[in-house]
There are 2 protein chains.
Amino acid sequence: MKPINVGLLGIGTVGGGTWTVLNRNEEEISRRAGRPIRITHVADRNVDHARSFTGGRAAVTDDAFAVVNDPDVDIVVELIGGYTVAKDLVMQAIANGKHVVTANKALLAVHGNEIFAAAQAKGVMVAFEAAVAGGIPIIKALREGLSANRIQWLAGIINGTTNFILSEMRDKGLPFADVLAEAQRLGYAEADPTFDIEGVDAAHKATLMASIAFGIPVQFERCHIEGISKLDAADIRYAEELGYRIKLLGIAKRKEAGIELRVHPTLIPAKRLIANVEGAMNAVVVWGDAVGATLYYGKGAGAEPTASAVIADLVDVTRLHTADPKNRVPHLAFQPDRMSDLAILPLAEVETAYYLRLTAADQPGVLADITRILADLSISIDAMIQKEPAEGEAQTDVVILTHVAKEKDVDTAIARIESLASIKGRVTRIRMEELNG
Amino acid sequence: MKPINVGLLGIGTVGGGTWTVLNRNEEEISRRAGRPIRITHVADRNVDHARSFTGGRAAVTDDAFAVVNDPDVDIVVELIGGYTVAKDLVMQAIANGKHVVTANKALLAVHGNEIFAAAQAKGVMVAFEAAVAGGIPIIKALREGLSANRIQWLAGIINGTTNFILSEMRDKGLPFADVLAEAQRLGYAEADPTFDIEGVDAAHKATLMASIAFGIPVQFERCHIEGISKLDAADIRYAEELGYRIKLLGIAKRKEAGIELRVHPTLIPAKRLIANVEGAMNAVVVWGDAVGATLYYGKGAGAEPTASAVIADLVDVTRLHTADPKNRVPHLAFQPDRMSDLAILPLAEVETAYYLRLTAADQPGVLADITRILADLSISIDAMIQKEPAEGEAQTDVVILTHVAKEKDVDTAIARIESLASIKGRVTRIRMEELNG
């Protein structure tokens, strides 16, 4: 069969990995796909770099629109990133009747509904396995592998930078800032790490997973986002004492009233498999009503792991390129005319267990005050640690684990606790998830 | 669109689960598949049971061939098991131009080449996600999710019964026979557990995974199989002391000379995620050259987890039912005219590290004899434990971990060691895998 011609937009880390793997495994891939897949066109701002990389085996330009408009290109791979030019290029490719493969989670989390609708109207595919958890085929698992299930929830370590930082903070007992500096030195964190450490990247990915798990439109703007930059090493130690690990999780959960969609540092029982995912690795747990829990683990970033996902999409698109659009897997797993209008719940309505840490004067009656405040709001206590005050100190750390409660009641409780004269400073709140059904 | 009519052969555990989940999640599934999928025909030897289960919502018969020959049936789900009648039914369904979904690993591991060739000739699909690791979408991951990769090896805990037994032996320090009896009482082991405990079931699954990982025909007869029935609780303890766990793994590994395909108890480093997969759970690690290691974890058996995989296949087949066969994913991942003739290596040529345990007289020179025998065969020693003899005993346990060596050299070494006058009884040999690349 005629080879498939790919136009590659951006030959940086992931684009370079895609070129390398597609060439190295050319035979293996065409044995699977049934026809050769080759990158025939490359667009990159740095034309010299692109030329030296491709060694004359692809047409190189600095004009990405020229590639998108080239009638010889069957599939466009968008690896430029960002919301602006990338969006115009993807929309133009679709308008030209070309299939698109992209790793751009930010673009899809924010503009996905518009992009998928345009693709649907044109009868082309927009594939995005590489947008979530790098080389782990989690989009395929959610969209196809678990299609029998009513998915109840999913929770994932979907940002390697923050998981590396949390692993190091725990292993070495170091504060956040020191570990971030080390991560930057090792290349695990960007020079401007905001998107990673503040949870925005994880929220993009959680938004996409929630959409295909529940059959709802992408709604990034409704995702609650908290990063790890304010996390205290003391909380990691206390969590450990209580049998928990702290991970930055992207969580999407189906409730009676709607969908919880949130990214925040989370205590999870240390014995769960996902609690033992260390360093820059990613993992996602999905709970389906038929299958129970399944877990998917692997490298969530890097040139070749991400290329692995890009190329898997290229093979899928190649196979279905000439097939009637109604025979293909829907972009968001559910047929576009059968999407659900289930609402994303405001954070105040979210229910989970909580870890609370506060500093109290070492005087009688303090614990009684705190427990009365919690009891008044029907927040019940699962465990408590009260440390002996350090020599010469008149104050002490109190750590409380609650049973499941509503966020807005915990907000009220924290405000009342902070107003007690015996409490010094703010209450630290970290959410907990049992991840057991 | 017109609903898809499914003929279900066998409404036992998995068949019942398939009926239940397909009905419970009817709306969710049709929102994904784009059309309703309904079981319209059921064949079971126990017609009364089938009638009471289906409550008049499907035509029930005890004649499975009548279902396979019924022109109203679009897809046949074969859940009868075994090699004989099941094979005739599957071949007849294919001959009638019907797609087949099956959970029958034994049938496909032994007769897969014939079945897939017939399906290919007829342009129908034979889908078998449920045949390996229950509800974990590992077939889809290997066949589609990792299609960019040259897969180097895979290793899986793919039999829940044996993993449950090994977990209990380790946790409770009990011998194999006691734990097997407990597993039978709890329903984790069959009354006749031979297929599970002797590794045959795991070998069926490893054979299928090897085929789609490497693009080779199914070759069950060349799989080396060792079960766990001879495993001594002492070896589990010694492995623990050395930082390892013992798991029954199905292993398929690409070497220069061919493919290693084997099922046996295996020492793996305790810190690997897969070493911490406990009880009846399953997990598979796959190493691809681009993605590195990915791991897939979940329930490997049970009514609804297995039904989850059966129905995922039904959705896939439903989507591609009217598509040209060349647009579909190949049965064994690689195009049938592009299969490889890479040979499965004889066990003597397999290379791995080894755990050796022997009982030696507590006298000078014994260790020197053993280490000389190993050195003569270029088998180098990684670690050794020599226990003090128990009070009043004149013999002692010696445990040796070797570096990677060839099986045939280790055979020779064991024969020579066993012939030493100072060695009592046989040498216990358990293979080791680092599972790190």
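Would you confirm, using the coordinates I've provided, whether B:Ile212 is of a type in the set (Val, Ile, Thr), under 19 Å from B:Gly156 (Cα atoms) and touching a helix residue (DSSP H, G or I) at 6+ places or on another chain (Cβ under 6 Å)?
yes
Does A:Ala394 satisfy being free of Cβ contacts under 8 Å to residues at least 60 places away in the same chain and buried (at least 18 other Cβ atoms within 10 Å of the Cβ)?
It is false that A:Ala394 is free of Cβ contacts under 8 Å to residues at least 60 places away in the same chain and buried (at least 18 other Cβ atoms within 10 Å of the Cβ).
Out of B:Ile94, B:Ile39, B:Ile11, B:Ile80, which single residue is in contact with a strand residue (DSSP E or B) (Cβ under 6 Å, 6 or more places away or on another chain) and closer than 30 Å to A:Pro325 by Cβ?
Residue meeting the stated conditions: B:Ile39.
Quick check: is even one residue across the stretch B:217-238 within 10 Å of chain A (Cβ to nearest Cβ) and in a loop (DSSP other than H, G, I, E, B)?
no
With respect to A:Ala189, determine if the residue is surrounded by 22 or more Cβ atoms within 10 Å (Cβ to Cβ), at positive phi and not aromatic (Phe, Trp, Tyr).
Considered against the rule, which asks whether it is surrounded by 22 or more Cβ atoms within 10 Å (Cβ to Cβ), at positive phi and not aromatic (Phe, Trp, Tyr), A:Ala189 comes out as no.
Just to check your reading of the model, which residue among A:Arg185, A:Arg143 is in a helix (DSSP H, G or I) and either at pLDDT 95 or above or under 30 Å from A:Lys326 (Cα atoms) (or both)?
It is A:Arg143.
Scan the stretch B:362-384 residue by residue and report those that are within 16 Å of B:Ile423 (Cβ to Cβ) and aliphatic (A, V, I, L, M).
Residues satisfying the conditions are B:Val366, B:Leu367, B:Ala368, B:Ile370, B:Ile373, B:Leu374, B:Met384.
Counting only residues that are of a type in the set (A, V, I, L, M, F, W, C) and at the interface with chain B (Cβ under 7 Å from one of its Cβ atoms), how many does the stretch A:118-145 have?
The qualifying residues number 2.
Can you pull out the residues in the stretch A:239-273 that are outside any strand (DSSP E or B) and surrounded by 23 or more Cβ atoms within 10 Å (Cβ to Cβ)?
Once the filter is applied, which keeps residues that are outside any strand (DSSP E or B) and surrounded by 23 or more Cβ atoms within 10 Å (Cβ to Cβ), the stretch A:239-273 yields only A:Ala239.
Any residue in the stretch A:202-216 that is outside any helix (DSSP H, G or I) sitting within a Cβ distance under 9 Å of a residue that is among the hydroxyl-bearing types (Ser, Thr, Tyr) and surrounded by fewer than 24 Cβ atoms within 10 Å (Cβ to Cβ)? List the pairs, counting only those 6 or more apart or interchain.
Qualifying pairs under 9 Å: A:Gly215/A:Ser340; A:Ile216/A:Ser340.
Checking A:Tyr355 against (1) closer than 30 Å to A:Gly425 by Cβ; (2) within 12 Å of chain B (Cβ to nearest Cβ): exactly one of these is not met. Which one?
All conditions are met except number (2).
On the basis of being assigned to a loop (DSSP other than H, G, I, E, B), within 11 Å of chain A (Cβ to nearest Cβ), buried (at least 24 other Cβ atoms within 10 Å of the Cβ) and out of contact with any His (no Cβ under 7 Å at 6 or more places or on another chain), does B:Ala290 make the cut?
Spelling it out, B:Ala290 is indeed assigned to a loop (DSSP other than H, G, I, E, B), within 11 Å of chain A (Cβ to nearest Cβ), buried (at least 24 other Cβ atoms within 10 Å of the Cβ) and out of contact with any His (no Cβ under 7 Å at 6 or more places or on another chain).
Please state which of the following conditions A:Trp153 fails to meet, knowing it meets all the rest: (1) more than 12 Å from every other protein chain (Cβ to nearest Cβ); (2) in a strand (DSSP E or B); (3) surrounded by 24 or more Cβ atoms within 10 Å (Cβ to Cβ).
So A:Trp153 meets the others, but not (3).
Can we say A:Gly279 is over 25 Å from A:Arg150 (Cα atoms) and either assigned by TED's automatic domain parsing to the domain that holds A:Leu146 or at pLDDT 95 or above (or both)?
So A:Gly279 passes the test.
What's the number of the condition B:Val329 fails, among (1) touching an Asp or Glu at 6+ places or on another chain (Cβ under 8 Å); (2) more than 29 Å from B:Glu260 (Cβ to Cβ); (3) within 7 Å of chain A (Cβ to nearest Cβ); (4) of a type outside the set (Lys, Arg)?
Condition (2) is where B:Val329 drops out.
Give the residues of the stretch A:296-316 that are under 25 Å from A:Tyr188 (Cβ atoms), buried (at least 24 other Cβ atoms within 10 Å of the Cβ) and facing chain B (nearest Cβ under 7 Å), sorted by residue number.
A:Tyr296, A:Tyr297, A:Gly298, A:Glu304, A:Pro305, A:Ala307, A:Ser308, A:Ile311, A:Ala312
Return only the number of the condition from (1) more than 14 Å from chain A (Cβ to nearest Cβ); (2) among the charged types (D, E, K, R); (3) out of contact with any helix residue (DSSP H, G or I) (no Cβ under 6 Å at 6 or more places or on another chain) that B:Asp62 does not satisfy.
Failing condition for B:Asp62: (3).
Does B:Gly145 meet the test of being on the phi > 0 side of the Ramachandran plot and in the same structural domain as B:Leu231 (by TED's automatic domain parsing)?
no
Tell me, please, whether a residue that is at pLDDT below 95 and of a type in the set (S, T, N, Q) can be found in the stretch B:58-71.
Checked against the condition, which is being at pLDDT below 95 and of a type in the set (S, T, N, Q), the stretch B:58-71 yields no hits at all.
I need the full set of residues from the stretch A:179-236 which are over 16 Å from A:Leu248 (Cα atoms) and of a type in the set (Phe, Trp, Tyr), in order please.
Result: A:Phe214, A:Phe220.
Which of the residues spanning the stretch A:317-376 are surrounded by 14 or more Cβ atoms within 10 Å (Cβ to Cβ), part of a helix (DSSP H, G or I) and without any contact (Cβ under 8 Å) to a residue 12 or more places away in the chain?
Those that are surrounded by 14 or more Cβ atoms within 10 Å (Cβ to Cβ), part of a helix (DSSP H, G or I) and without any contact (Cβ under 8 Å) to a residue 12 or more places away in the chain: A:Lys326, A:Asn327, A:Thr371.
Among (1) farther than 19 Å from B:Leu273 by Cβ; (2) of a type in the set (D, E, K, R); (3) surrounded by fewer than 18 Cβ atoms within 10 Å (Cβ to Cβ), there is one condition B:Asp171 misses while meeting the rest; what is its number?
Exception for B:Asp171: condition (1).
In the stretch B:188-201, what count of residues is obtained for those that are under 19 Å from B:Tyr83 (Cα atoms) and either in a helix (DSSP H, G or I) or among the acidic types (Asp, Glu) (or both)?
Residues meeting the conditions: 8.
Filter the stretch B:377-435 down to the residues that are part of a loop (DSSP other than H, G, I, E, B) and among the hydroxyl-bearing types (Ser, Thr, Tyr), then identify the one that is nearest to B:Tyr238 (Cα to Cα).
Ranking the candidates gives B:Ser380 first.
Looking at this structure, is A:Ala106 under 24 Å from the mean Cα position of the chain (by Cα) and closer than 25 Å to A:Phe334 by Cα?
Spelling it out, A:Ala106 is indeed under 24 Å from the mean Cα position of the chain (by Cα) and closer than 25 Å to A:Phe334 by Cα.
With respect to B:Ile37, is the statement that it is under 21 Å from B:Ser308 (Cα atoms) and within 14 Å of another protein chain (Cβ to nearest Cβ) true?
For B:Ile37, the condition - under 21 Å from B:Ser308 (Cα atoms) and within 14 Å of another protein chain (Cβ to nearest Cβ) - is met.
Go through the stretch B:48-73 and give me each residue that's more than 13 Å from B:Leu8 (Cβ to Cβ) and either in contact (Cβ under 8 Å) with a residue 40 or more places away in the chain or not assigned by TED's automatic domain parsing to the domain that holds B:His99 (or both).
B:Asp72
The values are calculated or read from the model by the stated rules, or taken from the named source; none is laboratory data. What you see is a predicted model; the values in this text were computed from it and never measured. All Cβ positions, glycine included, derive from the backbone under ideal geometry; neighbour counts span all protein chains shown.
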